[in-house]
Amino acid sequence: MNCRTEEKQKIEELIDLAIRQLSFSYAPYSGFFVGAALECADGTIYGGCNIENASFGPSNCAERTAFFKAVSEGKRQFRRIAIVGGKDGKITEYCAPCGVCRQVMREFCGPDFEIILAKSKKEWNVYLLKDLLPESFGPEMLDGKK
Ligand code: THU
């Protein structure tokens with residue numbers, strides 16, 4: 001099996017997990033379900049779903065749920081994230097990450113971190129963080145220790 005086949009399989013595995021996360025989405029206010037699957041540099045994978053709140057502000061996106069689960073278990077290096085979403089959990093369009101989630105990715109990921117937007121295991125596109133968040137502000141500006 002060549003490297004590209006392995007990468008493709010890994011991406012399909014991530015998309016599969018992201019789709020399964022849709023069933024955990026707690027979105028009674030928007031009705032918009034989002035699922036994410038985050039691959040760490042060591043190959044481990046964390047799923048995440050969006051979690052809304054009656055007070056709206058405390059709501060959390062699927063991508064950040066996945067990141068916070070991973071970081072809270074000691075992970076600091078990441079390879080890629082797959083994202084799916086749609087009204088009532090039906091995926092009809094690609095679901096791009098919101099600006100806040102892009103900034104959270106910027107905290108922990110390099111410019112070549114891959115963001116996979118998927119409609120299914122067969123229909124997906126890969127973007128790089130540097131393209132989705134150009135001219136960004138990051139930890140090195142504050143000399144932050146990660
Ligand atoms: N949402 C995500 O989970 N990820 C995104 O990047 C876009 C938006 C969620 C937040 C909210 O629960 C619902 O989608 C509608 O905005």
Go ahead and run the numbers for FRET between Arg4 and Glu135, Cβ-Cβ distance against an R0 of 30 Å, rounding to 0.05.
0.45
Of all the accessible heavy-atom surface of the chain, with the other protein chains kept in place and a 1.4 Å probe, what percent is carbon and sulfur?
54
Using the Cβ atoms and a cut-off under 15 Å, what net charge is assigned to the surroundings of Glu123, where Lys and Arg are +1 and Asp and Glu are -1?
+2
Tell me, what is the percent relative contact order of the chain, built from C-alpha pairs under 8 Å that lie six or more residues apart?
20
Applying the gyration tensor rule to the Cα atoms of the chain (axes a ≥ b ≥ c; rounded if a/c under 1.5, else prolate if a/b exceeds b/c, else oblate), the class is oblate
Could you work out how far apart the two model spin labels at Ser120 and Asp16 are, taking each label as a point 7 Å from the Cα in the direction of the beta carbon, and quote it in nm?
1.6
Distance in nm between pseudo-label sites at Asn53 and Phe32 (7 Å out along the Cβ direction from Cα):
1.9
So if a site counts as exposed when it's one of the chymotrypsin sites (Phe, Trp or Tyr not before Pro), its DSSP state isn't H, G, I, E or B, and it has at most 12 other Cβ atoms within 10 Å, what's the longest stretch of the chain without one?
57-136
What does the charge count near Gly85 come to, summing +1 for each Lys or Arg and -1 for each Asp or Glu among other residues with Cβ under 11 Å from its Cβ?
0
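What does the net charge come to around Phe137 if you take all other residues with beta carbon closer than 12 Å to its beta carbon, with K and R at +1 and D and E at -1? Walk me through the numbers before you get to the answer.
On the way: positive: Arg102, Arg106; negative: Glu107, Glu135, Glu140.
Every neighbour counted, the sum reads -1.
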On the formula 1/(1 + (r/R0)^6), with r taken between the Cβ atoms of Ser23 and Tyr127 and R0 of 25 Å, the FRET efficiency rounded to 0.05 is 0.45
What ranking of Arg79, Arg4, Arg106 comes out by heavy-atom accessible area, probe 1.4 Å, highest first?
Arg4, Arg79, Arg106
Taking the square root of 5 times each eigenvalue of the Cα gyration tensor, what semi-axes in Å does the equivalent ellipsoid of the stretch 56-105 have, largest first?
21, 13, 10
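The values are calculated or read from the model by the stated rules, or taken from the named source; none is laboratory data. It should be emphasised that the depicted structure is a prediction, and the values quoted were computed from it without experimental measurement. Positions of Cβ are generated from backbone atoms using ideal geometry, with glycine treated the same way; all protein chains shown enter the neighbour counts. Quick note on the areas: whole protein, heavy atoms, side chains included, nothing else; ligands and nucleic acids left out. Shrake-Rupley method; radii C 1.70, N 1.55, O 1.52, S 1.80 Å.
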